[in-house]
Every structure is written in C-alpha cells, then in structure tokens.
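Q: A single structure is presented below for examination.
The values are calculated or read from the model by the stated rules, or taken from the named source; none is laboratory data. Given the structure is predicted, the values throughout are model-derived calculations rather than measurements. Note that we place each Cβ from the backbone using ideal geometry, even for glycine, and neighbour counts take in every protein chain shown. Calculation scope for accessible area: heavy atoms of the full protein, side chains included, ligands and nucleic acids excluded. Shrake-Rupley method; radii C 1.70, N 1.55, O 1.52, S 1.80 Å.
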Amino acid sequence: MFRIILFIHILVGVICLVTGFAAMIAPKKKGFHTNLGEIYHFSFIIVFLTTIAMAVMHWSSSSYLLYIGIFSYSLALLGYLAGKFKWKNWVAIHIGSILGSYIAILTAVLVVNVNRIPILNNYNPLIFWLLPTVIGSPIIYLIRKKYEIDLNQEKSV
C-alpha cells in the first residue's frame, strides 16, 4: 500500500512542479494562468493527503513530513483562496503564498533526492533545505514589488 501512495505522491508532485512553473511564466490573467493554478492546487491537495498517509505509516522515521506538509499546503491554500476571493492586498498574499508553497515542494524534492544525484550528493544536505528559500525569497520580494507597482499605476490612470 505504501508503494502505491508513494507513486501517487511522486506523480502529483511532478504535476505540481510543472504546473506551478508554467503558471509562473504564463500571462497573469483569467484563462491559462488560472487553469494551471487550479491544477496546481488540486495536485497539492493530493500531495498533502499522501504526505499525511506516508507520515502516519512510517511515523518513527517520517513524522516530520507531516509538519512540512501542513506548512507547505497551508501556503498553497492561502495563496489559492487569496486569488479566488480577491481579499484586500490579495495580489501580495497570492504571490507570496503560492511561491512559498512552490519553494516548499521544490525543497522537498531536492532534500529527498539529493543523495541520488552525483556531485550534489557530496554537499551537506542542509544546503538543500535552505537554498530554495535563500534563492526564492528575494524573487518573491521582487515579483510582489513589480505587481504592486503595476497595480498602483492602474489605479492612478
């Protein structure tokens, strides 16, 4: 049973990575971007549910996965809801949360697989826990700034 859940987890994790990246580079308007966002969110739900199942099945060695899953899906859900309901300051919340969830899933993929990648497996694994956040956080900041400027210019017109 664990192997089936793991297979599903990996499959939808790849879907998250692909649709998340595609949504990042897609034009930010209703249609392609929002459809990719729906797929990303639905896939993330499945990743989260399979994470819970695997953590419970191997609690002694994988309990930490539950907490990482809760944190990363919370970001994905917050970003999704901000985009859906257009709260006050929703663009900043959407960008920060969705990209934060993408950083979390990318970190998980790196940490789990780095020991299988030649050359990278020579480095301290802690680097791969931190590197996506160190690189991604300034990117989130810059993208949020860009969209805040764009929105302010639209309001003044």
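Q: Roughly how many Å² is the accessible area per residue of the range 66-157, as a whole number, for a 1.4 Å probe?
A: 66
Q: With every protein chain left in place, what is the accessible area of THR133 in Å² (1.4 Å probe, nearest 10)?
A: 70
Q: Would you check the accessible area of VAL91, probe 1.4 Å, heavy atoms only, in square angstrom rounded to 10?
A: Solvent-accessible area, nearest 10 Å²: 30 Å².
Q: Follow-up. What are the membrane-span-like helices in the chain by this rule: whole DSSP H runs, Cα extent along the axis at least 27 Å, mean Kyte-Doolittle hydropathy at least 0.5?
A: Answer set is 2-25, 32-57, 59-85, 90-113.
Q: Along the charge dipole of the chain, which of ASN115, ALA76, LEU142 sits closest to the positive end, that is, farthest toward it, with unit charges on the beta carbon of Lys, Arg, Asp and Glu (+1, +1, -1, -1)?
A: In the chain, that residue is LEU142.
Q: Right, something else. Ordering ARG144, ARG3, ARG116 from largest to smallest accessible area (1.4 angstrom probe), what's the sequence?
A: ARG3, ARG116, ARG144
Q: So how strong a dipole does the range 58-157 carry about its Cα centre when Lys and Arg Cβ are +1 and Asp and Glu Cβ are -1, to the nearest 20 debye?
A: 180
Q: When the accessible area of the chain is split by element with a 1.4 Å probe, what percent falls to carbon and sulfur?
A: Taking all protein chains in place, the chain shows 73 percent carbon and sulfur surface.
Q: Checking the a/c ratio against 1.5 first, then a/b against b/c, what shape does the Cα gyration tensor give for the range 1-116?
A: prolate
Q: Pull out a ≥ b ≥ c, the square roots of the eigenvalues of the alpha-carbon gyration tensor of the range 55-157, then state rounded if a/c is under 1.5, prolate if not and a/b is larger than b/c, and oblate in the remaining case.
A: oblate
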